[in-house]
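Below is one structure, written out as structure tokens, with a few remarks after it.
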Amino acid sequence: QVQLVESGGGLVQAGGSLRLSCAASGRAFSMSSMGWFRQAPGKEREFVAAIGWGASSTYYADSVKGRFTISRDNAKNTVYLRMNSLKPEDTAVYYCAADPRRLPGRADYFYNYWGQGTQVTVSS
């Protein structure tokens, strides 16, 4: 069992930055790949970024590549999503999720534990 709690969301102007955090407890966090997903109103949940066990393998959606950075601190059981140059279209509820495999997938069905989400709103 893995419990995930996101934090760091909020309201920011376009061009601004936020850093999301996801604190994990439960089974060995270091042996879980971690991902961030988001869901905007009226839209399906979409993949944002993911990181493997060793933190050297990272993956990004094309829409955030070059602006967002995923990282993890296994000593703190925490995964981060640094979001720069935010755009209004980044507005969504952001979820972190755990994938038990060494390398993460982009599809949400690979992930078996999810947090409650944190709201990110980017004003124009």
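The portion of the accessible surface of the chain made up by carbon and sulfur, rounded to a whole percent, is 48 (1.4 Å probe; DNA, RNA and ligands excluded).
Based on the Kirkwood approach, the hydrodynamic radius assigned to the stretch 73-116 is 12.6 Å, with every pair of different Cα atoms included.
Simple rule: put +1 on each Lys or Arg Cβ and -1 on each Asp or Glu Cβ in the stretch 21-82, find the dipole, and look at 49, 31, 81; the Cα lying farthest toward the positive end is 81.
Set the Cα radius of gyration of the stretch 12-72 against 2.2 N^0.38 Å, with N its number of residues, and you get 1.24.
For the chain, the per residue solvent-accessible surface stands at 50 Å², with DNA, RNA and ligands left out and a 1.4 Å probe. If R0 is 22 Å, the Cβ-Cβ spacing of residue 61 and residue 17 corresponds to a FRET efficiency of close to 0.80. Taking every C-alpha pair closer than 8 Å and separated by at least 6 residues, the mean separation divided by the residue count of the stretch 47-119 gives a relative contact order of 28 percent. The string of couplings for the stretch 32-47 from the Karplus curve (6.51, -1.76, 1.60, θ = phi - 60°) is 10, 6, 10, x, 10, 10, 9, 9, 8, x, x, 10, 6, 5, 10, 5 Hz, one whole number per residue in order, with x for Gly and Pro. Here the 3J(HN,Hα) profile of the stretch 48-59, calculated from phi with Karplus coefficients 6.51, -1.76 and 1.60 at θ = phi - 60°, is 10, 7, 8, 9, x, 3, x, 6, 7, 9, 10, 9 Hz, Gly and Pro shown as x. Compute the signed sum of charges (Lys and Arg +1, Asp and Glu -1) over the other residues within less than 13 Å, Cβ to Cβ, of residue 18. The answer is +3. With the contact rule set at Cα under 8 Å and sequence spacing of 6 or more, what percent relative contact order holds for the chain? So the answer I get is 36 percent. Restricted to Cα atoms, the chain shows a radius of gyration and a Dmax of 13.3, 41 angstrom. Taking the Cα centre of the chain as origin and assigning +1 to Lys and Arg Cβ atoms and -1 to Asp and Glu Cβ atoms, the resulting dipole is close to 260 debye.
The values are calculated or read from the model by the stated rules, or taken from the named source; none is laboratory data. In this text, all values refer to a predicted model and were calculated from it rather than measured experimentally. Cβ coordinates were reconstructed from backbone atoms using ideal geometry, including for glycine residues, and neighbour counts include every protein chain displayed. Remember, those area values only see protein heavy atoms, side chains included, never the ligands or the DNA or RNA. Shrake-Rupley method; radii C 1.70, N 1.55, O 1.52, S 1.80 Å.
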